[in-house]
Amino acid sequence: MPSLFFMLLLSLESSCDETAAAVVSDGRTVLSNIVASQISVHAEYGGVVPEIASRQHLEAVSLVIEQALAEANLDISRIEGVAVTQGPGLAGALLVGISAAKGLSLGRGIPLVGVNHIEGHLLAVFLEAPVEFPFIALAVSGGHSHLYRVDGIGRYTTLGQTVDDAAGEAFDKVAKLIGLPYPGGVAIDRLATTGNPQAIKFPRPLVNDGTFNFSFSGLKTAVLTHVKKFPESKEEGINDLAASFQAAVCDVLTRKTAAAIAATGIKRLVVAGGVACNSALRRSMAEFAAANGVELSIPSPKLCADNAAMVAVPGDFYLANGYSSGFDLDALPVWPLDRLAVRLKEKS
Ligand code: KG4
Ligand code: ZN
């Protein structure tokens, strides 16, 4: 399959609690990347409230599109295609971006393509520096902790995944139970910088089970048991608690990734998704890569968190290679990456 790229793409993302629009040229050059975050709205509820998310997306979607075009210094008439996150995510939230994308596509007579959010995360790094295929990818976000073998755009094989909580979910739940605000990942990361990661020996679930799967719910329970036994650890000991929990998560993620690299012999690694913003994980992966001759690519933090520019990378590829979505495009709240191979088969 050729890997031509398209031209000027407007991309939209509304799968969870960020309403985002971007203008990207050739699936590579970001002309604008606007993100309207709803975090402050959901923070008072301690997590994302789906109905509120949908309403917030509705209020923000036109504004972020206008802003993305203004920042790119382009009129809508110059846009040649629209890419939108189709899933996975919250159905009502996804539908806001999808409806806006359909409206633009229909109104302007330009092609439309639905994109998998996780595929966007995995390929965001191409906006900074392309990576050669095949590579191993670790996707760590609020809903995912997956290890993939990536043989090309659209060619993903799941090597392992979480059997319960995702890494970001574990960060958020542990933050909540030690009294930190939502979203907890950033708060734990910040506190951990002045904590001792070896202060508390938390378990490393599944680390030697011979699979590439993860499990984080037992770790969350271990933190809960610890704070019940030592209530002061939520007060003056909170930095050590945060650092020790974070060290356990990063250790498991790094060791399982190392095992996937050893098993496949593929020495290129991409780490992606919101949790890839975590400073300890970035450090741990960098140390592992340097010690083992692995070529590591992690996008800069603003491209690890949810954004629309990442949606344009696969969007551009599919449109350029003859795959577009019809107006029957619907939200896919659950959408495993392995299913994308169908698109390439349809075109081969
Ligand atoms: O990819 P993302 O922005 O949204 C989803 O697709 O879920 O990931 C959000 C997750 C949240 O669980 C958030 O707490 C976590 O990423 N996160 C972090 C950090 N920044 C965001 N986790 C640990 N350390 C961080 N610095
Ligand atoms: Zn995400």
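Each reported figure results from applying straightforward, stated rules to the coordinates on display, with no laboratory input. Owing to the predicted nature of the structure, the values given are computational and were not obtained by experimental measurement. Don't worry about glycine lacking a Cβ; one is built from the backbone with ideal geometry, like all the others, and counts go over all protein chains shown.
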Checklist line | Antiparallel %, DSSP beta bridges [both residues in the range 131-298], to 5 | finding: 60
Item checked: Spin-label pair ASN196/SER40, simplified geometry with 7 Å Cα→Cβ offset, distance in nm -> 3.9
Margin query: Given R₀ = 30 Å, what would the calculated FRET efficiency be for ASP209 paired with THR157, taking r from the Cβ atoms and rounding to 0.05?
Written below: 0.95
Checklist line | Count of Lys pairs (Cα-Cα under 25 Å; at least 8 positions apart or interchain) in the range 131-298 | finding: 21
Next item on the list: Quote the relative contact order of the range 131-298 in percent (integer), defining contacts as alpha-carbon pairs under 8 Å separated by 6+ residues.
Entry: 27
Item checked: Residues SER15, SER37, SER105 arranged by fewest to most Cβ contacts within 10 Å -> SER37, SER105, SER15
Checklist line | Estimated inter-spin distance, THR225 and GLU128, nm [label 7 Å along Cα→Cβ] | finding: 3.8
Notebook entry, point to check: So how much slack lies between THR29 and GLU51, counting 0.36 nm per residue of separation and subtracting their Cα-Cα distance, in nm?
Noted result: 4.5 nm
Check: What is the spread of the Cα atoms of the range 226-348 along each of their three principal axes, largest first, in whole Å?
Finding: 59, 36, 24
Check: Suppose every K and R has +1 on its Cβ and every D and E has -1 on its Cβ; what is the size of the dipole of the chain about the Cα centre, in Debye to the nearest 20?
Finding: 780
Check: Which residue, GLY168, GLY103, GLY114, tops the fluctuation ranking in a GNM of the chain built on C-alpha contacts under 10 Å?
Finding: GLY103
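Could I get the Rg over Rh figure for the range 1-88? Both from C-alpha atoms, Rh via Kirkwood, rounded to two places.
1.05
Under a Cβ-Cβ cut-off of 15 Å, what is the net charge of the residues other than GLY107 that fall near it, where Lys and Arg count +1 and Asp and Glu count -1? Please list the in-between numbers first.
Numbers: positive: ARG78, LYS102, ARG108; negative: GLU66, ASP75, GLU80.
Net local charge, GLY107 excluded: 0.
In terms of the Cα gyration tensor, with a ≥ b ≥ c the square roots of its eigenvalues, is the range 165-220 rounded because a/c is under 1.5, prolate because a/b exceeds b/c, or oblate?
Numbers: a/c = 2.40, a/b = 1.49, b/c = 1.61.
The shape class here is oblate.
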Check: Relative contact order (percent) for the chain, with alpha-carbon contacts under 8 angstrom and 6 or more residues of separation?
Finding: 25
Notebook entry, point to check: Going by how many other Cβ atoms sit within 10 Å of their own, how do PHE288, PHE135, PHE216 line up, fewest first?
Noted result: PHE288, PHE135, PHE216
Next item on the list: Fewest Cβ neighbours within 10 Å first, please rank THR211, THR254, THR194, THR19 accordingly.
Entry: THR194, THR211, THR254, THR19
Next item on the list: Just subtract the alpha-carbon distance of VAL334 and ALA291 from 0.36 nm times their residue separation and send over the number in nm, one decimal.
Entry: 11.8 nm
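Between ALA341 and GLU236, what length comes free when the chain is fully extended (0.36 nm per residue of separation minus the Cα-Cα distance, one decimal in nm)?
Taking 0.36 nm per residue and subtracting the Cα distance, the gain is 32.7 nm.
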Checklist line | Computed over the range 131-298, the ratio Rg/Rh where both radii use C-alpha atoms and Rh is Kirkwood | finding: 0.98
Item checked: Calculated diffusion of the chain, Stokes-Einstein form, Kirkwood radius summed over Cα pairs, 20 °C and 1.002 mPa s, µm²/s -> 105
Margin query: Test of understanding: given the chain, find the longest segment containing no GluC sites (Glu not before Pro) that are in a DSSP loop and have at most 16 other Cβ atoms within 10 Å.
Written below: 237-348
